[in-house]
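**Student:** Below is one structure. I have some questions about it.
The values are calculated or read from the model by the stated rules, or taken from the named source; none is laboratory data. Computed from a prediction, not measured in an experiment: that's the story for all the values here. Cβ placement follows ideal geometry from the backbone for every residue including glycine, while neighbour counts extend to all protein chains displayed. All accessible areas refer to the heavy atoms of the entire protein, side chains included, with ligands and DNA or RNA removed. Shrake-Rupley method; radii C 1.70, N 1.55, O 1.52, S 1.80 Å.
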Amino acid sequence: MAHYTDKNSIFQKAGPQPLPEQLRGDELRTQFGRALHELGIEWIAAHSPQAKGRIERLFATLQDRLVKEMRLAGIDSIAAANHFLEMRFLPAWEERFTVAPRRPRNAHRRLDPEQRLEEILSVRVGRQVADDHTVSWDGNRWGVPREEVCAGLRGAQVEIERRLDGSHWLRFRGRYLRLRHCPAPLRPSASPSGLRPPGLTEPTPRPKSKIKPKYHVPAHHPWRKPWNRTFLSCEKPDISTLR
């Protein structure tokens, strides 16, 4: 029903809210906050120092006590550490600190038919579709296949979803379109297939520009002779005798 955490940046986003979200009336949420909202889980932020420090104290206890317990047990490998954690440390920890719930029944709820975990538990970003029906994200370009290009897609504001299985999808007007990774940036004149045609992968070679040599005055040039040069006199006339 609710998730009680501190005010970490994972749960709370700082800064001004984008204008499209303001116009839609959406709250400023992180990816984690959006997933909680779509699952119908309330997010409760801890305001007191005691509540915010509980998890830090737990981490400090585990980082201090668990390391000493493994050292005393002679743990020297990751496999032995995992076995010690699951078979010895965690059972003793739960026996000592676990509090019996007031209502022991299972409190988990069933998912609604419209709630799809592969869509909710994903990373979403807003992008604008280019003229060649591609979108860019994290330095990569993704294209919509030709058979899935629909009207109004060019220049539209869409969302990209990166799901847990590594697949990328484009969300446009309530429908999902597949995305293919483009190996190189597309040219403005490329076809709207979502991928660069084979003949356009290599750039057109340009002719090398010729470097104009610097002109040097030859030795027999008249300018080289001192008597052929004309100099201007920069002396001021004496005006003390003028009346």
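Residues checked against (1) more than 21 Å from the chain's Cα centre (by Cα); (2) in a loop (DSSP other than H, G, I, E, B); (3) within 28 Å of residue 38 (Cβ to Cβ):
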site: 87; (1), (2), (3): yes, no, no
site: 91; (1), (2), (3): yes, no, no
site: 104; (1), (2), (3): yes, yes, no
site: 113; (1), (2), (3): yes, yes, yes
site: 171; (1), (2), (3): no, no, yes
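**Student:** To continue, here is another question. Go through the stretch 140-159 and give me each residue that's touching a His at 6+ places or on another chain (Cβ under 8 Å) and either closer than 16 Å to residue 117 by Cα or of a type in the set (S, T, N, Q) (or both).
**Tutor:** Result: 140, single match.
**Student:** Answer with yes or no whether residue 110 is more than 30 Å from residue 58 (Cβ to Cβ), basic (Lys, Arg) and exposed (fewer than 10 other Cβ atoms within 10 Å of the Cβ).
**Tutor:** yes
**Student:** Among the residues of the stretch 123-140, write down those that are of a type in the set (D, E, K, R) and outside any strand (DSSP E or B).
**Tutor:** Correct list: 131, 132, 138.
The rows are residues; the columns are (1) among the acidic types (Asp, Glu); (2) in contact (Cβ under 8 Å) with a residue 12 or more places away in the chain.
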| position | (1), (2) |
| --- | --- |
| 102 | no, no |
| 118 | yes, yes |
| 123 | no, yes |
| 160 | no, yes |
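Yes or no, residue by residue, for (1) touching a strand residue (DSSP E or B) at 6+ places or on another chain (Cβ under 8 Å); (2) surrounded by fewer than 17 Cβ atoms within 10 Å (Cβ to Cβ):
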{"site": "126", "(1), (2)": "yes, yes"}
{"site": "129", "(1), (2)": "yes, no"}
{"site": "132", "(1), (2)": "yes, no"}
{"site": "135", "(1), (2)": "yes, no"}
{"site": "142", "(1), (2)": "yes, no"}
{"site": "150", "(1), (2)": "yes, yes"}
{"site": "161", "(1), (2)": "yes, no"}
{"site": "165", "(1), (2)": "no, yes"}
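**Student:** Moving on to the next point. Please enumerate the residues belonging to the stretch 60-80 that are closer than 20 Å to residue 96 by Cβ and open to solvent by less than 50 Å² (accessible area, probe 1.4 Å).
**Tutor:** Selection gives 66, 70, 73.
**Student:** Which ones in the stretch 10-59 are modelled with pLDDT under 80, over 29 Å from residue 162 (Cβ atoms) and open to solvent by less than 60 Å² (accessible area, probe 1.4 Å)?
**Tutor:** Listed by number, the residues that qualify are 48, 51, 53.
**Student:** I would also like to ask the following. Can we say residue 105 is exposed (fewer than 12 other Cβ atoms within 10 Å of the Cβ) and over 17 Å from residue 178 (Cβ atoms)?
**Tutor:** So residue 105 fits the description; yes.
**Student:** Right, another one. Exactly one of (1) touching a residue at least 60 places away in the same chain (Cβ under 8 Å); (2) in a helix (DSSP H, G or I) is unmet by residue 147. Its number?
**Tutor:** Against the list (1) touching a residue at least 60 places away in the same chain (Cβ under 8 Å); (2) in a helix (DSSP H, G or I), residue 147 comes up short only on (1).
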